[in-house]
Amino acid sequence: QVQLLESGGGLVQAGGSLRLSCADAEQTFNNYVMGWFRQAVGKEREFVGAITWSGVSAYYADSVKGRFTISREHAKNSVFLQLNSLKPEDTAVYYCAAEVEGNYRSFKSWKYWGQGTQVTVST
């Protein structure tokens, strides 16, 4: 059973940076494609980015491309999301996800989810 735990969220001023982490307590998700999504109040959960098992390839939503970076460290059984040049519209709960089948940009295609971590960007 995959159990994902996100951390690293917080309050930051516009233009600032945060680094989110996602770890699997059961140490099983090294076999999976991993993704990050976010959900703002009143909005649907949206794709942020995804990274392949090898970590060689990563894919991003246009809204975050060039500002956010996904990476993974198999030795730490962890996936990271570096958020730079943050904007108020990046405010949301950020979720990591594991094991995708189908369209990786759709939250409906992912099997395992963490509990989320809040990111708030002030003006």
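Annotation: HIS74 fulfils all but one of (1) in contact with a strand residue (DSSP E or B) (Cβ under 9 Å, 6 or more places away or on another chain); (2) touching a residue at least 24 places away in the same chain (Cβ under 8 Å); the unmet one is (1). Filtered by the rule that a residue be open to solvent by 40 Å² or more (accessible area, probe 1.4 Å) and either assigned to a loop (DSSP other than H, G, I, E, B) or of a type in the set (Asp, Glu) (or both), region 1-23 gives GLN1, GLN3, ALA14, GLY15, SER17. Which one is farthest from GLU89 (Cα to Cα), of the residues in region 28-45 that are assigned to a loop (DSSP other than H, G, I, E, B) and touching a strand residue (DSSP E or B) at 6+ places or on another chain (Cβ under 9 Å)? Here the answer is THR28.
Does ASP90 satisfy the criteria of being within 15 Å of the chain's Cα centre (by Cα) and closer than 15 Å to THR120 by Cβ?
yes
No other residue among TYR94, TYR60, TYR32 is among the hydroxyl-bearing types (Ser, Thr, Tyr), within 20 Å of VAL2 (Cβ to Cβ) and open to solvent by 30 Å² or more (accessible area, probe 1.4 Å) apart from TYR32.
Do the conditions hold for GLU26, that is, is it within 18 Å of GLU6 (Cβ to Cβ), exposed (fewer than 15 other Cβ atoms within 10 Å of the Cβ), more than 10 Å from the chain's Cα centre (by Cα) and among the acidic types (Asp, Glu)? Yes, satisfied.
Scanning region 35-45 for residues that are touching a helix residue (DSSP H, G or I) at 6+ places or on another chain (Cβ under 9 Å) and closer than 20 Å to SER122 by Cβ, we see that the one that is least open to solvent (accessible area, probe 1.4 Å) is ARG38. When region 63-91 is filtered for residues that are surrounded by fewer than 17 Cβ atoms within 10 Å (Cβ to Cβ), touching a Gly at 6+ places or on another chain (Cβ under 9 Å) and modelled with pLDDT under 95, the ones remaining, listed by number, are GLU73, HIS74. Look at TYR104 and say whether it is of a type in the set (Ser, Thr, Tyr), open to solvent by less than 40 Å² (accessible area, probe 1.4 Å) and in contact (Cβ under 8 Å) with a residue 24 or more places away in the chain. Criteria not met by TYR104.
For region 46-54, the criterion of being of a type in the set (D, E, K, R), part of a strand (DSSP E or B) and open to solvent by 20 Å² or more (accessible area, probe 1.4 Å) is met by at least one residue. Pairing each residue of region 1-19 that is closer than 15 Å to SER78 by Cβ with any residue that is acidic (Asp, Glu) and crowded, with 16+ Cβ neighbours inside 10 Å, provided the two are 6+ apart or on different chains, yields C-beta distances under 8 Å for VAL2/ASP24; VAL2/GLU99; GLN3/ASP24; LEU4/ASP24; LEU5/ASP24.
The values are calculated or read from the model by the stated rules, or taken from the named source; none is laboratory data. Source: prediction; values computed, not measured. Neighbour counts are summed over all protein chains in view; Cβ atoms, including those assigned to glycine, are modelled from backbone coordinates with ideal geometry. The accessibility values were calculated without ligands, DNA or RNA, using every heavy atom of the protein model including side chains. Shrake-Rupley method; radii C 1.70, N 1.55, O 1.52, S 1.80 Å.
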